1. Amide H to amide H, which residues 5 or more places from K547 or on other chains are under 5 Å from it, using H placed in the peptide plane?
2. If packing is taken as the average count of other Cβ atoms within 10 Å, what order do 605-614, 181-190 fall into, highest mean first?
3. Considering amide H positions built from the backbone, and no H for Pro or chain starts, which residues 5 or more places from Q606, or on another chain, come under 5 Å of its amide H?
4. Suppose the chain between D157 and R269 were pulled fully straight at 0.36 nm per residue; how much longer would it get relative to their current alpha carbon spacing?
5. Got a number for carbon plus sulfur as a percent of the stretch 504-615's accessible area, 1.4 Å probe?
6. Report the charge-dipole magnitude of the stretch 183-263 in Debye, nearest 20, computed about the Cα centre from +1 at each Lys and Arg Cβ and -1 at each Asp and Glu Cβ.
7. Among the listed pairs K547/K574; K72/K108; K29/K287; K98/K568, give every one whose C-alpha distance is greater than 19 Å.
8. Using the Karplus curve 6.51 cos²θ - 1.76 cosθ + 1.60 with θ = phi - 60°, what ³J(HN,Hα) values do you get for each residue of the stretch 190-199, in whole Hz, with x for Gly and Pro?
Amino acid sequence: MQNKTVLICFLWSLLGFGQSTVVVDHLRKFEFNISPQSFEALTPFEKRMVSWQLDFLRQFETQNLEFTAVYKETDTDFSKFLFYLNQGDYLFYTFDDKNIEARESYSKALELALSIDDSQMICEALKRILNQSRHFYLLTGQAVKPYLDLFEAHAYDALEQIHLQYYKQIFGFQYLVSNLDRWNKAIEADLLDFAEHSPYHFYNGRIFYLLAAYYHVKNNNEKAIVFGSRALDEYRKIPEGYASTPTKVSVIGLTRHLYYNGDFVEAERLLSEFDTPAKNKLERAYKHYRYYYQSLIDSINGDYKNGFANLMIAKDIEDVKERHNKTNLLKDLEAKYENKLKQKENDELKVDIAQEKKEKRLMALIGAIIFVLGSTLAYFVVNNISKKKKLSEQQVQIETQRVENLLREQELVSIDAMIEGQEKERQRVANELHDDLGSLMATVKLYFGNIKAEGDPALFKAKELLDQAYTKIRGIAHAKNSGVIGSQGLVPAVEKLAQMISGTNALEIEVNAFGMEERMENSLELTVFRIIQELLANMIKHAEADKSSIHLTQHDDMLNIIIEDNGKGFDIHKVSNTNDGMGLHSIEKRVEFLDGSFTVDSIIGQGTSIIIDIPV
């Protein structure tokens, strides 16, 4: 408590002009032990936000650290920025199903920082977004490019440059999918040089952990153990609670390297360090690895019973089959455990068999061999016929699918041509109404206005009807000319669609647009709008979500669209092989027709992210 007060007093004493600069600088460096100085420059709400962040870093145990703050519109930009960062941290580290809400809070912090062009605040918000993406989103690293480019434009000192290099390396390499050819050796040298001389234990540990993961994928486990041990040593030097999660992650990583290097005794000893209560969501997510690697070590030691039991615990914590392809281990442990029981029964049975039955056993063995050989031959004959039949059926299905795909592609081209024709026809009719008939009506109205007989009621009625006709023609011309997107463009149309859907209170949709100030070609805007409209319709029909976000980013000559929801998610491989995936397939074909790319990232129980990149 005294150390926290010391830090707050120090920060407050320096926060007159540029208060955010001092606060951000000390928080990003995890500097806690600072000499006290008194000051009163911070507002009460800013003091409250700084205090919450310090408690969060010291404990890192979000279950006991609630976040119930509400800012006022009259509060400072810096206090609102801290509010959004704290809210995002609380949601991200506490709840399994609040990743979208956490991303929205971080995005609002980034928007606010961009609006006042504060590089320090921009970098802090970007680091939160990139860290979340590293854990739960965008495993291919493609859609984070706009964030990395923004980071590169605002990295204001050497420490932020190291952050940028770290995220470039990890999103390029992505050790979960092992892109070894995208590993940058120059960045590796820069990161290693920093970690060798830096006083920042947290950042050093992250760098050593990343290097260990890289060399593990390269099958150089000796080097992976060296870097993994150095990462763990760096985290152990940190006395505050924020070191808890990376320490446990490093324990699991080093255990993995030791196991694959054959050092099972040290790996098992190290695993025991994981047996402390989980402080937050990430520690709960990693807990299944502790039992998974214990089951591997039990299996190596011949203790298949405990190995199977530990694997079942890991399976209860995390879906082992979907995320880490460990189902084969489950089957292997089951088989080994059953075989050991059967072997024991066979040994006991052999003891009871008398010596005089050898000849009968020999005859039975010969008969069994003849039977097995005959059965095997018959099996292969039948199996060969069955395979040929199955192959023929598959070829028919493939040909049928190919024809259906061609028909769907032709239908998409026809639909796009029809939409473009409708837009041109609307323009033509609007021009004719406005230029031809509109000018004619205006001329007739002018003539009526010059007639001198003012008292004729019929003349007065004719002028009234003429005014009504002129007004209706102008209205039809403007309506026909507007089309679906109208004169306002893509972003207002999407925002209006989101507002209309959110008004039902069944699904709340947030729209965020970056770099969309300039209009695109009308037919492209219309097609993109139809794609977003169809994706939202699929979301309403299937996702069972209550929150969604739409991100529209135009960067250079590329339009990036990210649509996320917190729904039930789905198995991408299963859906792509059934008729349930026809809607997504149709949208994908439409995107390919625009020379774009279409990526779906979905995890059952954690929602869906759809990423679209279209050249403009």
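1. Amide H neighbours of K547, under 5 Å, 5+ apart: E508, N566.
2. Highest to lowest by the protection proxy: 605-614, 181-190.
3. Amide H neighbours of Q606: none.
4. The D157-R269 span can extend by a further 36.2 nm.
5. 49 percent
6. The dipole magnitude comes to about 220 debye.
7. K547/K574; K29/K287
8. The phi angles translate into 5, 5, 5, 4, 4, 5, 5, 10, 7, x Hz.
The values are calculated or read from the model by the stated rules, or taken from the named source; none is laboratory data. Bear in mind the structure is a predicted one, so any value in this text is a computation, not a measurement. As a convention, Cβ positions derive from the backbone with ideal geometry for all residues, glycine included, and neighbour counts pool all protein chains shown. These accessible areas exclude ligands, DNA and RNA; they are computed on the full protein's heavy atoms, side chains included. Shrake-Rupley method; radii C 1.70, N 1.55, O 1.52, S 1.80 Å.
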